[in-house]
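The values are calculated or read from the model by the stated rules, or taken from the named source; none is laboratory data. The structure displayed is predicted, hence computed values, not measured ones. Cβ sites come from the backbone with ideal geometry, for glycine too, and all protein chains shown count toward neighbours.
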């Protein structure tokens, strides 16, 4: 496994495809300015999948929308920072210039394929429109290309499917059509916002495999937004963990899952249903209009100390592994991160055994306990 | 906290009693001989497909097609399956939100399908439902206190003071505070709203809660919170819970027993730990294998189901899962690698459905090969190769006899003799899975499952061993 990890890292030594630097995206509301994304950095290399993971409200979708400024403006705007795509700062580009890039070099796919397809036009019409929008080709050639795209995304008898309307296709097929559309111009970067959340697990498995295969074929960079850590483990090369508009932890997928370092990442991994703690993460996201000082996660963090509640979000410090960084007071040079292990954070080191142990034992025991209490009462 | 709760007794007069006594009473009253609280037998729900001015019935969507299961007092039972398998319809028809087409539903010893509307009203007090989307299950203009109190009013509790008392108590029991009663739905998060949903369901002091995808709309961090709340409430109130979900992790966390549904039928039923540790039906195995594990070192799904769930208006013959089953039984007299056999079956099915479009394949070749101007120029040999490629069937098959049958069939298809190809394949490559319907049978590992492999005691396939058991 180590050799493949190494190989992947090496292939990324070149220039990044996308560099997001200190990005701040704000929304003006009647109650004040919502700091949806509050100074985040990450990079995407060609052929690499970066997963942005977090709860709803963490700012992961706004991050993805900020790259080509898909959000409604006003109220939304990029307040600070840069989004450098292939040497070009998109944050400073005009709406027209962005339109040329969207769909051509950077494509999006969304959670709900039903909502993203026009119900009154055939699938073929919509695909051909997408192709002709960015390429100067005749309709017949565009049609041929559409057939080719549909068969590449695994739709059988593609030419017959061109004349179907969206409602004639299943959810998984619709998402395949969306992917075909996103690939129409061979983008360098694909941004997928929860593309499998609305699908069944069996179909999700098909779509994830498809994305992986297509990435190899097209050498695309992929930004994959999801709240599902299982999906992250399946598809990511690198992971960016977001919370309340800030990046808490980032690193290779192996480092983040094998040695989760930020208490928030640890908590997320533990509260996968059937994978550990039954309590979830108590508390809720901080006020996005007037975020608290210090670490954004401090109020919900079981390891929070006084330093966590003052100043800015802690600067990134290296954790275990190459390029694995964490924004947590306990990793600052003066402090000792092992405090996280001592206070019941032992799940990280023995996560494997713990997870299975807890799940089976947990369900089983609570079931038995109930029956015993029930029996006791009966007597 | 002294749990003082209202009990709707049979005469409809509300009274307040201590909860723990009440739970004990119920157990004495209804389960002295371990009788199931809910017993569903041969439940069917078909939707007619009608046509024309006289609404002549031309077909039926068999959403739920004969399912049996029991729920015991204090037990949590899960129904799991892909969308379109009929799990939600099963829930709504068993409490007669939709009239079932056939079958009986025994609740506490009485057949509720015989109930008149007055009896149904009393029954619905004892069985409460929670839905997936907490957003749309509340009136945005009604405070949550009023929303929780509404069922109390409907069922005849007129004393406002006592209603408020009950609401305050319920809110605290679901982890909110009594002062939240004055807030409105939009002020609450999704998880809080689902808590209010639980409080409202509990206001009727039910014996049973039916929860249809109760956490699917919530964040992962909130999901486990709500599930553990449900667990606690079940213990405190002595509830039976029927939970419908497509999410196996949810089922695994909360259910004592689980029923796996596919196309309107239950294919496997048993204790959750047994089903998860040792799944007996190929469909359960495929479902379990599809869940991405939170471990990047364990990538790549061993088993992948091809295609979507077939339409319930025309379910496949024999075992309904045979059109997608990775472990479908091989025909006698031929040697196939199991995965290749599955692909040959995919090919056969396409042909049988009349969905194999050779013209489309020629068109595809037309787009790929520049020399061709029209589809007539595409050669037979090339079409044959492409047809195999479409289904990933290796050439040649490892078994020369099987290869001969397949090759002649493909030849027939490409030259336009589809019927002949269909017949020859159906005779040569016949599998019992397409003709015999399996029934739920006790398996060695404890649960029941309906699979011809089990009925015929066939050895496990390689695939069966690759499925992760964690």
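Within segment B:195-217, track down each residue that is touching a residue at least 40 places away in the same chain (Cβ under 8 Å) and more than 17 Å from residue B:151 (Cβ to Cβ). Reasoning before the result, please.
So in segment B:195-217, the residues touching a residue at least 40 places away in the same chain (Cβ under 8 Å) come out as B:196-214, B:216-217.
The answer is B:212, B:213, B:214, B:216, B:217.
Of all residues in segment A:132-155, those that are crowded, with 20+ Cβ neighbours inside 10 Å, part of a loop (DSSP other than H, G, I, E, B) and either free of Cβ contacts under 8 Å to residues at least 40 places away in the same chain or facing chain B (nearest Cβ under 9 Å) (or both) total 1.
Return a yes/no flag: does segment A:186-205 have any residue that is more than 14 Å from every other protein chain (Cβ to nearest Cβ) and over 30 Å from residue B:299 (Cβ atoms). Break it down stepwise before answering.
Kept after step one, since they are more than 14 Å from every other protein chain (Cβ to nearest Cβ), are these residues of segment A:186-205: A:186-193.
Filter once more, keeping what is over 30 Å from residue B:299 (Cβ atoms): none.
Within segment A:186-205, not a single residue is more than 14 Å from every other protein chain (Cβ to nearest Cβ) and over 30 Å from residue B:299 (Cβ atoms).
Taken together, the residues in segment A:24-61 that are farther than 25 Å from residue A:216 by Cβ, within 12 Å of the chain's Cα centre (by Cα) and modelled with pLDDT of 90 or more amount to 0.
For segment B:147-185, the tally of residues that are crowded, with 17+ Cβ neighbours inside 10 Å and assigned to a helix (DSSP H, G or I) stands at 16. Looking at residue A:168, is it within 14 Å of another protein chain (Cβ to nearest Cβ), surrounded by fewer than 16 Cβ atoms within 10 Å (Cβ to Cβ) and under 22 Å from residue A:202 (Cβ atoms)? For residue A:168, the condition - within 14 Å of another protein chain (Cβ to nearest Cβ), surrounded by fewer than 16 Cβ atoms within 10 Å (Cβ to Cβ) and under 22 Å from residue A:202 (Cβ atoms) - is met.
Please determine whether any residue of segment A:99-120 is part of a helix (DSSP H, G or I) and within 14 Å of another protein chain (Cβ to nearest Cβ). Scanning segment A:99-120 turns up at least one residue that is part of a helix (DSSP H, G or I) and within 14 Å of another protein chain (Cβ to nearest Cβ). Screening residue B:359 against (1) within 12 Å of chain A (Cβ to nearest Cβ); (2) surrounded by fewer than 18 Cβ atoms within 10 Å (Cβ to Cβ); (3) at pLDDT below 80 leaves a single unmet condition, (3). Among the residues making up segment B:309-322, a single one is within 14 Å of chain A (Cβ to nearest Cβ) and farther than 23 Å from residue B:58 by Cβ: B:321.
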